[in-house]
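Take a look at the structure set out below.
The values are calculated or read from the model by the stated rules, or taken from the named source; none is laboratory data. Computed from a predicted structure; not experimentally measured. Cβ coordinates were reconstructed from backbone atoms using ideal geometry, including for glycine residues, and neighbour counts include every protein chain displayed. Please note that ligands, DNA and RNA were not included when accessible areas were found on the heavy atoms of the full protein model with its side chains. Shrake-Rupley method; radii C 1.70, N 1.55, O 1.52, S 1.80 Å.
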Amino acid sequence: MTFLCNNYPIESRIQIRLSPLYFWMHAVIPLLTRYQSSQEEILTMKQERRQKFCFLLSSVILISGTMGPAKAADPFADKDNTEKVVDAYITVMTMAYPPAGAALAAAKGMMSTLGFFSKPDVVGEAIKALNQRLTAIESRMDTLEKNLQETRNEVFRNANLQNTRELRRHRDALAQVLLGLQNKPTDKYAKEKLVLDAKQVCNALLEDRKLWIWSDLVLKDHTWEGKKIKKGTMLEPDFKPMPTLEVYATALATWMAAIEYAGGGDTAYVKRTFGADLQRHIDYLSVRPNWNELNMSPQTLPEEIQSHVVGIYIPTSRTAGPDRVATIAEYCRDDMAREIKLVGNINYTTKSANELVNVPAGLLNRSTPKEDELEQNYGLDVMALLVQKLTRLRDRGTLREQFIGTFNPTISSFNILYTVKPDGSLWWQRDNYGLAPMKVPSAIKMQVSHNLTDPKLVGEGWDDAVDLLPGGASTLYALKKNGDLLWYRHDDYLNGGTAWKGPVRVGTGWNSFTKVISMGDGVLYGLLPDGTLRWNRHNNYKTGEGFYAGWDPRPMIVIKDWNKYKTIFGGGNGVFYAVGQDGKLYWYRHTYLAPQVVPPVGKSAGTTRVMTNRWNSTWQGPKEVGTGWDSFTKLFCGGDGDIYGILPSGELRGYKHLGWETGAATWGNYVVMDNGWNKFKFAFPSMPSHAKEDDIVVK
C-alpha cells in the first residue's frame, strides 16, 4: 500500500511506502508536537496542524531521496484542475444556492435579519424581519426539492429529500409562532406556549445531527486526494452548514423574540426560566475551550466548519533558484465544496542559492487569508452574533439595547486601539466617537456614537510579551517574562503607519509585580503580591533614552491593600477604575500631578510658593460608579472616561464615564462596537500624553 504526497514539490510527485510514513506520523511527529505544545502554549489548534503538515513535508523530502519520484495523477497536477474538481459533484448546497456566492449572500442576509435586536420595538421588528426570512427559506426549499426531484439518481434524491422536507416542516412551525406573536396574546399560558413551540424547533435542529449531514453525487470520473472516483458514485454523507443553518438561525431568532414578548420586561423571570435552555445553544454555536482539532472530533457547529476548511502553505520547489528567491504557495482546501485552490504565492529571499526551501515559521503560526474568509462565509460570523444575543438574553433577561444610532455630535474625539492576534501580528484601529445631549429627560445624560475604522497591520512578532502597556501617545512598553521592560515608539500612530523606533531595554525586574497599570505620561504603577501599589515615572518615555537614568529616582508606595480587587485599570490623569469581587465599579484618583504648596522656609518666611511638578501623593475615592462590571474578561480605558469592555462572547462595548474627573456616577449610553474580540491575545489603547506631538516623535 502506498501514500501519494501530492503537495511537495508541485513539479515532482513523491511516492513513499506506508511503513516509513506511519513511523513519522505516529512516532516522531506526536513526540515533537507534545514537546512544542509544552513550550508554546499560545499556538492554536490550526497552528499545530500546520506545523505537523509542514514537518511531514520535510520528512517526505528526506525519505524521497532514496525512494525516487513517482508519477501519479492528483488535484495539483495542473492549476486548472482545482477548478474542474468543483464541477465533478452535485451537492445540496449548489442546488439550494445555484448562483455563485448565493450561500454567502444568504449568510449576510441572516446577519441583516438579526439587526432587529437594536430596534426600540424588538418584537414588532422581529416579526417583520423573520417573516421575510421565512419567505426566503420557503423559496429555497422549493428550489431544492424541485432540483432533487429532477435528479435521475434515486439514491441521491431520496437521501437528501428527507432532510429537505424535515427543514420545511420546521419552517412551517416557525411561521405559526410568528403568527401567534402577531396576534399579541395577553394570556401568560399563550405566551409561554409560543416560547415552547419555538424552543422545540431549535432543540430539534440541535439534537437531530442528521439534518446537518448531506450526500454528494459524483458527476464525472476524476481524482481526489490521489483516489480515482467514478461517475455515479454516492459519497459518504458529510457535514454541510447550508441550508440547515439558515433555518436554525431563524428558529433561534424567533425563539428569542418569543421569550422577549413573554418576559414583558421581567428580566429576572427570563433569566430564571430560560437561562439553562439558552446555554445549550450557546454551547452548540461555540468552539469548546479545550477542543483540539488534531485529536478530537468536532461536536459543535463552528468546530465542524473549522475542521472542514484547511489552509496550507507549500514550497513550490525543493531549492531556491540562482536569484535566491523562494516561493511558498498558499492553498485552501474546502472539504465541504470538495475543492483545493491555489489562492496566492509568497516570495522570500534565502541566504544562498540552491538553499532548501522551507515554510517560514511566521506562516506556520497563522491561517491563510482564504481559510479565514471561507469559514466566515460558511456562517461563523452568524454563529458569533447569535452567541452574543443568546448570551445577552441569558445574562440580562432582555434583548433591548440602549440608543446606538447616529446623530450630529456636539463633541467629537477619537481613541487609538491596538490588538495582537495569537500569531503575534499587531493591528491598529481608530475609534472616532461623538457626544450629544439627550433630547429627552433620562438617567443617561449623553448620547454616544462610535465609528471603528478597519484594522491595519502595523507590526509582527508581538506575541512573546507577557503584557503590552501604553506609555502615553505613541509610546508602548513590552513586559517580558524575564522582567525586562522594552520601550517602543509608534511614530505614525495617528494614521496607522508602520514606522517604529525600538525596542530599547529601559528596565529590569518588572516581573516582581502581579500587574502593571499604565496611566499615560510615562507613569506606570506596579501592584505587588501583598496589594501594595508602587508609582514609577519614566521621564524619558518620549525617547527611550537613559536606561535607569531615564526614570524618576523616587518610586513611591502610594496605597496598600489593592489585591482585594478583581480587576484594576488606569483611566489616565491619575484616574483608576477597580472592579470588586461583587462586580461593583469603583473610581479613584491619585492626584500625582496636583500643585503642592510648600510651607515658608528661611528668608521666604511669611510667604508661600507653589511647586507645580512635585509628585504629590494624595487620593480621592473610592466612589462607587457602577455595577455588573465583573462580566467582562478585559477592561481598558483610553482616557477621559472612554472605557472599553470585552465580553466572553467577544463583543466589544464602548462606555463613556462622564464623571471621570470627579467620580460622579454619570454616564452616556454604551455602544456595541464590534464582535470577535475574544480572539486577541492583547487589546489596549493609546494613553493620554501632555507632551507636544512634535516632541513625542523626535528622531
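Restricting segment 162-230 to trypsin sites (Lys or Arg not before Pro) that sit in a DSSP loop and have at most 13 other Cβ atoms within 10 Å of their own Cβ leaves Lys220, Lys230. Given R0 = 56 Å, the distance between the Cβ atoms of Asn511 and Gln149 translates into a calculated FRET efficiency of 0.25.
A simple count of charges around Glu166, restricted to other residues whose Cβ falls under 13 Å of its Cβ and scoring Lys, Arg +1 and Asp, Glu -1, yields +2. What segment 166-306 shows is 45 Å² of accessible area per residue, with the surface traced by a 1.4 Å probe over protein heavy atoms. When the Cα convex hull of segment 474-603 is projected onto planes of every orientation, the mean area is 10.9 nm². Each residue of segment 192-202 was assigned a 3J(HN,Hα) from its phi angle through the Karplus expression (A = 6.51, B = -1.76, C = 1.60, θ = phi - 60°), giving 5, 5, 5, 4, 5, 4, 5, 4, 5, 5, 4 Hz with x at Gly and Pro. The phi-based Karplus calculation (6.51 cos²θ - 1.76 cosθ + 1.60; θ = phi - 60°) puts the 3J(HN,Hα) values of segment 344-358 at x, 10, 10, 9, 9, 9, 7, 6, 8, 5, 6, 6, 4, 7, 10 Hz, whole numbers, x for Gly and Pro. Taken along the Cα-to-beta-carbon direction at a fixed 7 Å, the label points for Asp238 and Asn432 span 4.5 nm.
The residues neighbouring Tyr548, those whose beta-carbon lies less than 14 Å from its own, together hold a net charge of 0 under the Lys/Arg +1, Asp/Glu -1 convention. Distance between the 7 Å Cα→Cβ label points at Thr627 and Glu661: 2.9 nm. The HN-Hα couplings worked out from phi for segment 641-655 by the Karplus form 6.51 cos²θ - 1.76 cosθ + 1.60 (θ = phi - 60°) are x, 8, 9, 10, x, 10, 8, x, 6, x, 6, 9, 10, x, 10 Hz, whole numbers, x standing for Gly and Pro. Calculated FRET efficiency, Glu373 to Asn347, Cβ-Cβ distance, R0 = 25 Å: about 0.70 to the nearest 0.05. Computing Rg and the Kirkwood Rh from the Cα coordinates of segment 626-685 gives a ratio, Rg/Rh, of 0.97.
Average accessible surface for segment 498-564: 46 Å² per residue, computed with a 1.4 Å probe over protein heavy atoms with every protein chain in place. Amide H contacts for Val357 (H built 1.01 Å from N in the peptide plane; partners 5 or more residues away or on another chain; cut-off under 5 Å): Thr319, Ala320.
Computed from the C-beta positions of Ala549 and Trp619 and an R0 of 25 Å, the FRET efficiency is 0.30 to the nearest 0.05.
Near Thr662: Cβ cut-off under 9 Å, other residues only, Lys/Arg at +1 and Asp/Glu at -1. The net charge is +1.
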